[in-house]
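So the structure is just underneath, and the comments pick up after that.
The values are calculated or read from the model by the stated rules, or taken from the named source; none is laboratory data. Quantities reported herein were computed from a predicted structural model and do not represent experimental measurements. Note that each Cβ is placed from the backbone with ideal geometry, even for glycine, and that neighbours are counted across all protein chains shown. Each accessible area value is taken on the protein alone, full model and side chains, heavy atoms only, with ligands, DNA and RNA left out. Shrake-Rupley method; radii C 1.70, N 1.55, O 1.52, S 1.80 Å.
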Amino acid sequence: MNPIELKSVLQSGLLSFPLTDFDEALNFNPGPYAERLEWLMPYGASALFAAGGTGEFFSLEPKEFSQVIHTAIETCKGRMPIIAGAGGGTTLAIKYAQEAERQGAQGVLLLPHYLTEASQEGLVAHVQAVCRSVKFGVIVYNRGACRLTPESLLKLADSCPNLVGFKDGIGDIESMVAIRQTLGDRYAYLGGLPTAEVFAGAYKAMGVPVYSSAVFNFIPRTAVEFYDAHAKGDTATTNRLIRDFFLPYIELRNRGQGYAVSIVKAGANIVGHGAGPVRPPLSDLKAAEVEQLAALIKPLGPQ
C-alpha cells in the first residue's frame, strides 16, 4: 500500500487499535493476540493500529514490538491494513518505523516522543527524519509533547510527501480549526482523543469525520453501531449511547491515571476476550470498578 492508498483508507470508516495480549508473567502472548485480531476483523474496521497507545507500545521493547507487528501482519494479511505504532526519540522512532516497513505494515503512526517538550523546529526535524527513513505512509499523532502548529504542518507537507495523516489527541478547537482550514485536504484527519466517540460530533463539524475507537476492543458491535449512526447523522442513536454508556464509562475511566488503557483491558476480559493484565507503570482496575464496568456493558447485549 503506497502513501496515497493509505490516505484513502484513513478518510472513511471506523479505525481501532487492538490490545496487546500479555500472559500472567507479562510476556507477549502471540496466540491469543492473533485470536483477538481474528475476532475483530469481521466487524469491518477500515484499519487496525498494531502496537499503538492502547496496545501499550510504550511498554514494548524492540524484539517484542517486532513480534507484535509480525503477528498482526501474518494474521491480517490481505484482509485488513495494519498500521504500526512508532515512537520515542528520533533514532529509536526511525528503527521502529523501518522495522514495521520491513515486516510489511501498510503505514506507521508516529506517537509522541513522550517526555521533554520540544520547539516547533525540533518537532519538524523529528517528523521529517522518520518520514525520510521509510517509503510507506506516516500519520503523526498530535498529542502530549508533540503539538504541531499549522505552520509546522505546512513545512512538513512540503518536505514529506509520505506524511499523509494527522491524528489529534489534544482537543484544542481553535488549533484544530486552524490546521484543517490551513492544510485543506493535504492530510487525512483523525480524531484521537481518549473515548473519541464523545468528541466525534464536534470533530465532524470541524471537518474531521473519522476517529479511532478504543471500545471497539470489547464492544465492537456497539462501536460500529455508533460510528454508522455518526456517519449518517443519526443523533438519536449517538445521543442515546453517549448518555447511557459513554458518559458513565468516562466517569469510571477518570478514576485512575492510565485507566484509558486499563479499562479497555478490563472490558475485553468481561466479554470473554481477555488480553491479560496491563504492564507497569499502568495498573488494572479495582474489583469494584470491574463490576461497575460489567454493569454498563450488560445492557448493550451480545457483541
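For Ala288, the conditions (1) farther than 14 Å from Ala214 by Cβ; (2) hydrophobic (A, V, I, L, M, F, W, C); (3) surrounded by 14 or more Cβ atoms within 10 Å (Cβ to Cβ) all hold with the exception of (3).
When Phe17 is tested against the conditions (1) out of contact with any Gly (no Cβ under 6 Å at 6 or more places or on another chain); (2) crowded, with 18+ Cβ neighbours inside 10 Å; (3) within 25 Å of Ala266 (Cα to Cα); (4) among the hydrophobic types (A, V, I, L, M, F, W, C), the lone failure is (1). Taken as a whole, the structure places Gly171 among residues that are more than 24 Å from Gly44 (Cβ to Cβ) and among the small types (Gly, Ala, Ser). All conditions but one from (1) out of contact with any helix residue (DSSP H, G or I) (no Cβ under 7 Å at 6 or more places or on another chain); (2) more than 27 Å from Ala129 (Cα to Cα) apply to Tyr33; the one that does not is (1). Evaluating His70 against the criteria (1) in a helix (DSSP H, G or I); (2) surrounded by 19 or more Cβ atoms within 10 Å (Cβ to Cβ) leaves one unmet condition, (2).
Inclusion of Thr54 among residues that are open to solvent by less than 20 Å² (accessible area, probe 1.4 Å) and of a type outside the set (A, V, I, L, M, F, W, C) is warranted.
Please go through the range 20-35 and give me each residue that is open to solvent by 10 Å² or more (accessible area, probe 1.4 Å) and of a type outside the set (Asp, Glu), ordered by number. If the condition is that a residue be open to solvent by 10 Å² or more (accessible area, probe 1.4 Å) and of a type outside the set (Asp, Glu), then Ala25, Leu26, Asn27, Phe28, Asn29, Pro30, Gly31, Pro32, Ala34 are the ones that fit. The number of residues in the range 235-273 that are open to solvent by less than 80 Å² (accessible area, probe 1.4 Å) and without any contact (Cβ under 8 Å) to a residue 12 or more places away in the chain comes to 2.
In the range 117-144, the residues that are more than 22 Å from Gly171 (Cα to Cα) and at pLDDT 95 or above form Cβ pairs under 6 Å with partners that are β-branched (Val, Ile, Thr) and open to solvent by 10 Å² or more (accessible area, probe 1.4 Å), at six or more places apart or across chains, as follows: His126/Thr90; Ala129/Thr90; Val130/Ile94; Ser133/Ile94.
Name the residue, out of Ser16, Ser59, Ser12, Ser66, that is polar (S, T, N, Q) and touching a Lys or Arg at 6+ places or on another chain (Cβ under 6 Å).
On the way: Ser16 fails: touching a Lys or Arg at 6+ places or on another chain (Cβ under 6 Å); Ser12 fails: touching a Lys or Arg at 6+ places or on another chain (Cβ under 6 Å); Ser66 fails: touching a Lys or Arg at 6+ places or on another chain (Cβ under 6 Å).
When all the criteria are applied, what remains is Ser59.
Does Glu38 satisfy the criteria of being closer than 22 Å to Gly274 by Cα, open to solvent by less than 30 Å² (accessible area, probe 1.4 Å) and modelled with pLDDT of 95 or more? No. Only residues that are touching a Phe, Trp or Tyr at 6+ places or on another chain (Cβ under 7 Å) and either more than 20 Å from Val261 (Cα to Cα) or surrounded by fewer than 16 Cβ atoms within 10 Å (Cβ to Cβ) (or both) were counted across the range 199-209, and they come to 3.
Would you mind stating whether Ala125 is among the aliphatic types (A, V, I, L, M) and under 17 Å from the mean Cα position of the chain (by Cα)? Considered against the rule, which asks whether it is among the aliphatic types (A, V, I, L, M) and under 17 Å from the mean Cα position of the chain (by Cα), Ala125 comes out as no.
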